[in-house]
Amino acid sequence: MIARADFPADFLFGAATSAYQIEGHSFGGAGATIWDTFAAEPGKVANGETGALACDHYHHYEEDLDLLKGFDAYRFSTSWARVMPDGRTVNQAGLDFYDRLVDAILARGLKPFLTLYHWDMPAALGALGGWENRDVAGWFGDYTDVIMERIGDRVASVATINEPWCVSWLAHFLGHHAPGKTDISAAARAVHHVLLAHGEAMQRLRARGQANLGIVLNFEAVAPQGGPAAARFDAIMNRMFIEPLTKGGYPALVLEGLAPHLPEGWQHDMAQISAPLDWLGVNYYTRQTVAKDSGPWPACRFVQTDAAKTQMGWDIYPGGLAETLTMLTQDYVGDLPLFITENGMALAQSPQDPARSRYLFDHLAELKSAMAKGAKVQGYFYWSLLDNYEWAFGYEKRFGLVHVDFSTLERTPKDSLKTFKRWLAASPDAA
Ligand code: IFM
């Protein structure tokens, strides 16, 4: 089995969370988010659940951070709607919370890896068109400045946006995330404006002299033999963001469907969008098997396979992590440092969860093999530290290394957390 010693001594291991999924959004003067609006629509979110209480990390953050003993880093996000409840006015209590949080992360010897946007846009900005409105770039830039002014002196790394594919495509074309649209024009605008907002934030961060700047993209392996439909899926899923970010243009297979719907003059934004990154975050969970569909572009559908599945119903395919890293290294990023910013499985069993440990170590083995072939990976974050609000699936799907009882808020470390910590310490009794 792979060992901690197989990775470089300065390779970082951590766990990840996001604000709305764990904090408890009803505390501390936070404003409504687009997820609160979405969850209020019947049938959009399982049981109409929201992040109102979640894990109440807002009050439990000290004990939650204690759970990370033995790790090197912690990936978290700040909530836009907590810090700017109406999208414009600053809520000092929100900033105070992140101030305390960062100090508490540092006090435990962990490197704070900040993500500025993990999907909790203020509902007031959603009402102005959200990601479809070009002004979002300026709104996001202002929020970036507000956050950095308060905690920028203490974070080790900053990601602008988590999973632009979900923010735009999943939310505006597939309709599964807030705001739940199924409209190709809305989707094309959102795709472009998410990139523009990233570019604006990068410019503001550079102007402040902030170091270690990146973005987090999600990728899915694609089973071979899916033909042109699989190639279209691959372009939308895996290349629609990394190509503009590193090459300053959309892939031809994406333009085939999106060109008529992109905002006029989009080409002029590409210089700002493709400004150099310091690192790229890679989120990887699964592989898709894709076939042709009879519907409109992109005319592809998923095929069920007999592969082992997670609680989400996602195929378990560790080899896809190495495939993804090798593809990125060869086609897009070369020597740019990479971080696995998310990887993990939802699983109902707790606290005995051997399948989760297997998933983790099988993926670490693939990660190591991609590094041996040239991928410049510098860290790995497990998703997630805690069971939490899994968006449209509510609280049923459990990704945590730590079980959370959502009625009592009791935290119970699962066996996978103990196994991971023992492995990190390379000593059988370290956890
Ligand atoms: O829970 C999400 C997270 O917010 C973003 N990446 C995927 C995870 C699992 O679906």
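The values are calculated or read from the model by the stated rules, or taken from the named source; none is laboratory data. Everything numeric in this text was worked out from a predicted model, so none of it was measured. We place every Cβ from the backbone using ideal geometry, glycine too, and count neighbours over all the protein chains shown. Only protein heavy atoms, including side chains, enter the accessible area calculation; ligands, DNA and RNA are left aside. Shrake-Rupley method; radii C 1.70, N 1.55, O 1.52, S 1.80 Å.
Under 5 Å from the amide H of residue 290 lie the amide H atoms of 223, 303, each residue being 5 or more positions distant or on a separate chain, with H modelled from the backbone and absent for Pro and chain starts. A simple charge model with +1 on the Cβ of Lys and Arg, -1 on the Cβ of Asp and Glu and nothing else charged puts the dipole of the chain at about 700 debye relative to its Cα centre. Between residue 422 and residue 268, the FRET efficiency from the beta-carbon distance, with R0 = 60 Å, is close to 0.65. Restricting segment 60-120 to trypsin sites (Lys or Arg not before Pro) that sit in a DSSP loop and have at most 16 other Cβ atoms within 10 Å of their own Cβ leaves 69, 88, 108.
Placing a label point 7 Å from the Cα of residue 182 along the Cα-to-Cβ direction, the residues of segment 299-339 with a backbone N closer than 17 Å are 299-302. Within a straight-line Cα-Cα reach of under 16 Å, residue 247 can be paired with the following aspartates and glutamates, leaving aside sequence neighbours fewer than 8 residues apart in one chain: 269, 278, 331, 335. Candidates 365, 78, 351 compared by Cα position along the dipole of the chain: farthest toward the positive end lies 365, with charges placed on Cβ. Estimated from the Cβ-Cβ distance and a Förster radius of 60 angstrom, the FRET efficiency linking residue 231 and residue 410 is about 0.80.
Between residue 41 and residue 365, the FRET efficiency estimated from the beta carbon spacing at R0 = 45 angstrom works out to 0.60. With the cut-off at 1.5 for a/c, could you classify segment 32-148 from its C-alpha gyration tensor as rounded, prolate or oblate? Oblate shape, in that a/c is at least 1.5 and b/c is the bigger or equal ratio.
Taking the chain as a Gaussian network, Cα atoms linked when under 10 Å apart, which of 106, 95, 364 shows the biggest mean-square fluctuation? Among 106, 95, 364, the largest mean-square fluctuation in the Gaussian network model of the chain belongs to 106.
Karplus-derived 3J(HN,Hα) values for segment 126-131, using 6.51 cos²θ - 1.76 cosθ + 1.60 with θ = phi - 60°, are x, 5, 8, x, x, 5 Hz; glycine and proline are entered as x. If you sort 418, 368 by accessible surface, 1.4 Å probe, largest first, the order is 418, 368. Among the trypsin sites (Lys or Arg not before Pro) within segment 133-170, those in coil by DSSP and having at most 15 neighbouring Cβ atoms inside 10 Å are 134, 154. Restricting attention to the chain, close to 20% of DSSP beta bridges with both partner residues there are antiparallel. Listed values for segment 395-409 are Karplus-derived 3J(HN,Hα) couplings in whole Hz (6.51 cos²θ - 1.76 cosθ + 1.60, θ = phi - 60°), namely 9, 6, 7, 10, 9, x, 6, 10, 6, 10, 7, 6, 8, 9, 6, and x replaces Gly and Pro. Distant-in-sequence amide contacts of residue 379, defined by a placed amide H-H separation under 5 Å and a gap of 5 or more residues or a different chain, comprise 12, 340. Residue-wise HN-Hα couplings along segment 75-88, as the Karplus relation 6.51 cos²θ - 1.76 cosθ + 1.60 with θ = phi - 60° gives them from phi, are 9, 9, 10, 9, 9, 4, 6, 6, 8, 9, x, 9, x, 10 Hz; Gly and Pro carry x. Helical runs (DSSP H, four residues minimum) scored at -39500 (n - 2.57) apiece and divided by the length of the chain put the mean residue ellipticity at 222 nm at -10000 deg cm²/dmol.
When the C-alpha to C-alpha distance is required to be over 19 Å, the pairs from 111/421; 309/418; 69/111; 44/181; 69/418 that qualify are 309/418. Projecting the Cα atoms of 281, 260, 229 onto the charge dipole of segment 191-286, computed from C-beta unit charges around the Cα centre, puts 281 farthest toward the positive end.
What percentages, rounded to whole numbers, describe P(r) for the chain computed over all alpha carbon pairs with 10 Å bin width beginning at zero? It works out to 5, 23, 35, 28, 10, 1, 0, in whole percents.
If you take all other residues with their beta carbon under 10 Å from the beta carbon of residue 299, and give Lys and Arg +1 and Asp and Glu -1, the sum is +2.
State whether segment 330-421 is rounded, prolate or oblate according to the following rule on the C-alpha gyration tensor (a ≥ b ≥ c being the square roots of its eigenvalues): a/c under 1.5 gives rounded; otherwise a/b larger than b/c gives prolate, and the remaining case gives oblate. Judged from the Cα gyration tensor, segment 330-421 comes out prolate (a/c at least 1.5, a/b above b/c).
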